[in-house]
Amino acid sequence: MHWIDCHNHLQEASLGAAPPLLAAMAGAGVLRAVVNATCEAEWAAVAALAAAYPQTLVPAFGIHPWHAHEAGAQWQRRLRWLLEKLPQAGVGECGLDRWVAVPAVAAQVPVLVAQLRIARELQRTVTIHCVRAWGRLLETVAAEAPLPPFVLHSYSGSLEMARRLLPLGAYFSFSGRGLQPRQAAVLEVFRQLPRARILLETDAPEMLPPPPYLTHPLPGQRNHPANLPAIGGGLARALGMSAEALAELTTSNARACFGW
């Protein structure tokens, strides 16, 4: 049984060295992972990880909305250069976030739009972060359509919003956060999504799942990417599927979404 982690941050120093992380992932059955940069300062580290482990790690380069105001003058040129150099790479993590006051959403939007346009030009899958900005995100994505497939990472929006994003090319990624007791609404949304658009992620080292799903605990409340099969098992039970069936489904979906 094989799994794909469609969103994590293995470049984070808090996770420690890559070899033991990847060995644990392989032992748990995590076949492949998409490693997302969140700012220009992380791009080189993500590229190096993907170069060192090309059969396992797929890079994605982007500017997270929290860092939109920090983008350098040449960031679009640098991003395009990286993507052209690495044909398997995606765009992200990018998006919109009203949970933070700085930078304001008005400053985040043009940075997101630029990344969407580069992704469309080069036909690369986009990974999108959205918190408390769903209406503005829908408006922005619709205005830039048609786009390549895009992933709503750790999706926490409504079913109505999902139904509006689906025809635009959205996939919806489920993280361990959705297994928290207070996140019952997230599970209900995933029960009603088209099965062909569901993905799985850990967002490691973030989005720590509840204790029953911590098969690979780390100090400091960090989330290990090898927790993915347990997270998938939790979602499978909520969907009335076997873990094997969900692993096969989400692996197939990931291949379609990322063009592997």
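The values are calculated or read from the model by the stated rules, or taken from the named source; none is laboratory data. Here the structure is a predicted model, which means the values were calculated and not measured. Reconstructed Cβ throughout: ideal geometry from the backbone, glycine too, with neighbour counts over all protein chains shown.
Some points to look at:
- Residues that are within 21 Å of residue 29 (Cα to Cα), out of contact with any strand residue (DSSP E or B) (no Cβ under 6 Å at 6 or more places or on another chain) and touching a residue at least 40 places away in the same chain (Cβ under 8 Å), drawn from region 199-222: 206, 207, 215, 216, 218, 222
Per-residue answers, yes or no, for (1) under 11 Å from residue 68 (Cβ atoms); (2) surrounded by 19 or more Cβ atoms within 10 Å (Cβ to Cβ):
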{"site": "102", "(1), (2)": "yes, no"}
{"site": "121", "(1), (2)": "no, no"}
{"site": "125", "(1), (2)": "no, yes"}
{"site": "136", "(1), (2)": "no, no"}
{"site": "142", "(1), (2)": "no, no"}
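- For residue 60, the stated conditions hold: it is outside any helix (DSSP H, G or I), of a type in the set (A, V, I, L, M), touching a strand residue (DSSP E or B) at 6+ places or on another chain (Cβ under 7 Å) and in contact (Cβ under 8 Å) with a residue 24 or more places away in the chain.
- Residue count for region 23-34, restricted to those that are under 20 Å from residue 255 (Cα atoms) and either among the polar types (S, T, N, Q) or in contact with a Pro (Cβ under 9 Å, 6 or more places away or on another chain) (or both): 6.
- Residue satisfying all of: in region 144-161; among the aliphatic types (A, V, I, L, M) and crowded, with 17+ Cβ neighbours inside 10 Å; farthest from residue 7 (Cα to Cα) among these: 161
- Looking across region 123-141, just one residue is charged (D, E, K, R) and closer than 15 Å to residue 89 by Cα, and that is 124.
- Filter result for residue 41 (assigned to a helix (DSSP H, G or I), at pLDDT 95 or above, small (Gly, Ala, Ser) and surrounded by 15 or more Cβ atoms within 10 Å (Cβ to Cβ)): no
- Check on residue 238, assigned to a helix (DSSP H, G or I) and touching a Phe, Trp or Tyr at 6+ places or on another chain (Cβ under 9 Å): yes
- Some residue of region 144-162 being farther than 29 Å from residue 209 by Cα, without any contact (Cβ under 8 Å) to a residue 60 or more places away in the chain and of a type in the set (Gly, Ala, Ser): yes
- Pair list, Cβ under 8 Å, 6 or more apart: region 169-187 residue within 21 Å of residue 125 (Cβ to Cβ), other residue crowded, with 18+ Cβ neighbours inside 10 Å and of a type in the set (Asp, Glu): 173/201; 174/201; 175/201; 175/203
- Among the candidates 142, 119, 185, the residue that is at pLDDT 95 or above, assigned to a helix (DSSP H, G or I) and touching a helix residue (DSSP H, G or I) at 6+ places or on another chain (Cβ under 7 Å) is uniquely 142.
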